[in-house]
1. Can you tell me how many residues in region 150-169 are more than 24 Å from residue 114 (Cβ to Cβ), more than 16 Å from the chain's Cα centre (by Cα) and not basic (Lys, Arg)?
2. Does region 222-251 hold any residues that are in a loop (DSSP other than H, G, I, E, B) and under 15 Å from residue 280 (Cβ atoms), and which are they?
3. Which residue out of 246, 282 is surrounded by 23 or more Cβ atoms within 10 Å (Cβ to Cβ) and farther than 14 Å from residue 302 by Cβ?
4. Considering only residues of region 230-243 that are among the acidic types (Asp, Glu) and surrounded by fewer than 13 Cβ atoms within 10 Å (Cβ to Cβ), which is farthest from residue 308 (Cα to Cα)?
5. Name the single residue, out of those in region 295-343 being part of a loop (DSSP other than H, G, I, E, B) and basic (Lys, Arg), that is farthest from residue 411 (Cα to Cα).
6. Pairs under 7 Å by beta carbon, first residue farther than 27 Å from residue 329 by Cβ in region 91-118, partner among the acidic types (Asp, Glu), six or more apart or different chains?
7. Consider only pairs whose beta carbons are under 6 Å apart and that are at least six residues apart or on different chains; among these, list those whose first residue lies in region 252-273 and is modelled with pLDDT of 95 or more and among the charged types (D, E, K, R) and whose second residue is surrounded by fewer than 15 Cβ atoms within 10 Å (Cβ to Cβ) and part of a strand (DSSP E or B).
8. Look at region 72-110 and say how many of its residues are over 16 Å from residue 176 (Cα atoms) and assigned to a helix (DSSP H, G or I).
Amino acid sequence: MPPPAVGRAAGGVGEPRTPPPSALPHLERLESLGQRGMKLGLAAIDAVCERLGRPERRVPSVLVAGTNGKGSAAATLSSIADAASFRVGLYTSPHLESVTERIRIGRDDVRAEALDGALGAVFAAADRAPAVPLTYFEAMTAAAFLHFASLGLDLAILEVGLGGRFDATNVAPAVLSAVTSISLDHMEDLGGTVAAIAFEKAGVFRSGRPAVVASRLPEVVAVFREAAARTDAALHLLAEEVSIEVEASGLDGARFRLTTPSGRYALSTPLPGAHQVENAAVAVRAAELLAPAFRIGSEAIVSGVAAVRWPGRLERFERAGRTILLDGCHNPGGAEALARFVAASGRRADLIFAAMADKDIESMGAALAPAVRRVRFVSAASPRAADPAELERRFGARGDARAADGIAPALDELLRDPAAELIIVAGSLYLVGEARGLLLEGAFSQ
């Protein structure tokens, strides 16, 4: 067992992109917290939740942690619960374009006015003497708890922001925990090995409650077994309980069959990539294990998996006769999954890439460079972003790889090339959000 790593309470690695309307003062205050960063411990979120009357305890919740795939699994589980007619809330991070994306009720993002009201109550509680300074993520997490409680929801699905043990979401007394894939990311906070990272993720396990785990890495599984024994959680390993047969996988999603201890399913997901099949399997097994409190039938599982909405993860757009995919693969594990998808597609791909300077750009480049024929490096809209020259130096691409002036010029160049088949915008959710905004506004439609 690795020693406990020093963690951070705030979680959430991407902060605001779109300034909120000026008529909503608490959203404006939230925006001002973007540069505050993160701090150690759960003391702040716990103190504010206590002052708010413990909203995190008023709605049964599920915690979904992991290095990659946790958002997809959380969104899929939420879609399944919605298909089963439960009133379900989904809390995720970061957002692509608007902060309201982080809180979803059923299939709808929270209204800005409702979020502003919840934030107002959170800030009022935090400002009472003695004042409790909050990070952006802590304020949003408390607001999500409060909003879900005010609506009297049946279930809340909470995506863990960073790690697990010290993440702000971890004050919730989850009825079930799930952990998707484990790989190296945020090593300065979570530890330098997959075992150390798994130890932090296992902090979401709860005594007497199910814990679904996707990873098959022996050193990771060993950590989860020990954590389950220590906490008295009921461990459910996907590798031991679920059989997966992929029938088809392409740009439009995947068709696959699952066999679990509770049933057999023929499923389809609109989320492309073989890795999304495993994320869906996590959600399906979690849905089964929510019984008896939440009886979710096979019809709801089938329709919920098929109806999931999770933008910016191999999200497809068609412009000028070309296919554009947006994918927020912001770490080596995500880059490897993207590279496998490109190879399986059989199409010549061009890449527009941006990343934060503190990311393992070298490993991401090692995975992606062989899978694409051209690369254009751009800067993401964040003070933490690597500039294009640094990306070019660290990425290690050969051939036609160079800096561009921005996402719009890079897309314009590639779309004008008659030889372009598949254009991928990837590496940073900041970049994906910017590109998605341009595409949804009708850019490059001619």
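1. So the answer is 1.
2. The answer is 242, and nothing else.
3. Criteria check complete, one pass: 282.
4. Within region 230-243, the first condition is being among the acidic types (Asp, Glu), and the residues that meet it are 232, 240-241.
Next cut, surrounded by fewer than 13 Cβ atoms within 10 Å (Cβ to Cβ) only: 232, 240.
Values: 232: 32, 240: 26 Å.
That would be 232.
5. Step one: of region 295-343, the residues part of a loop (DSSP other than H, G, I, E, B) are 295-297, 307-312, 320-321, 328-331.
Restricting the remaining residues to those that are basic (Lys, Arg) gives 295, 309.
On the way: 295: 47, 309: 25 Å.
Residue satisfying both the conditions and the ranking: 295.
6. The qualifying pairs are 106/82.
7. 255/247; 255/248; 257/245; 257/266
8. 8
The values are calculated or read from the model by the stated rules, or taken from the named source; none is laboratory data. Every value quoted in this text rests on a predicted model; they were computed, and no experiment measured them. Glycine also receives a Cβ, built like all others from the backbone with ideal geometry; neighbour counts cover every protein chain displayed.
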